[in-house]
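Below is one structure; the comments refer to it alone.
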Amino acid sequence: MSALADDVRAVEACLFAAEDAMTVEQIRAYVGEAIDIGAALAALEDHYRGRGIELVKRGRAWRFQTAPDLGRMLRRERTQLRRLSRAGVETLAIIAYHEPVSRAEIESIRGVQISKGTLDVLMEAGWVRPAGRREVPGRPLIYATTPEFLVHFGLESRRDLPGIDELKAAGLLDPVDEVFDALEEEAEARADAVNESDVPNEDWVASGRGNV
């Protein structure tokens, strides 16, 4: 196995010592401006590929993690799985695809109100965070996903989220076109029914009771 250059080793040591994932700017603050951080990260990524640990990028930050296929072997504690409610899953998906969004915007997309507990559960899981306030009257709090969300779901960035066609193919979405067609047909049927009810009865008009 070839030895790593000193500048690559410096970046390696920095990432190993860090408690959290680090951006290029954070790494540079430790190793200095003279080192080509991008080249060092590429060398480390190649060096650790296929090994027990690997270098991964999540969002704008880099970190070392256990190879996914070895994670189960190293887990010793008993993990209690907690399944998200339907409201939680829908809220998380809306935030991931539309962030940053406010509570009102989430409710508008879902069509129903969400409880405060739903957002609390997502923030407790470390997948959602407050992302400031919308600069509109009332300045509502807005929410976005976290780097932990990307790590948990194995995404490099939000661009890796599945598209609408992929979700349909997986059976996770109803065909949108069919839903809209059904809604349009229902609206037209209701409009026709209203129009028919507004037509005066012939006997009623002939009797003169239809005159004002």
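Taking all protein chains into account, the per residue accessible area for the stretch 15-152 stands at 66 Å² (1.4 Å probe).
Direction-averaged projected area, Cα convex hull, the stretch 84-150: 4.3 nm², rounded to one decimal.
With viscosity set to 0.890 mPa s and temperature to 25 °C, compute the Stokes-Einstein D of the stretch 34-138, Rh being the Kirkwood radius across alpha carbon pairs; µm²/s, no decimals.
Numbers: Rh = 17.3 Å.
Roughly 142 µm²/s, to the nearest whole number.
Simple point charges give the picture: +1 on the Cβ of Lys and Arg, -1 on the Cβ of Asp and Glu, and for the stretch 36-157 a dipole about the Cα centre of about 440 debye.
The values are calculated or read from the model by the stated rules, or taken from the named source; none is laboratory data. This one's a predicted model, so the numbers in the text were calculated from it and none came from an experiment. Positions of Cβ are generated from backbone atoms using ideal geometry, with glycine treated the same way; all protein chains shown enter the neighbour counts. SASA here: full protein model, heavy atoms, side chains in, ligands and nucleic acids out. Shrake-Rupley method; radii C 1.70, N 1.55, O 1.52, S 1.80 Å.
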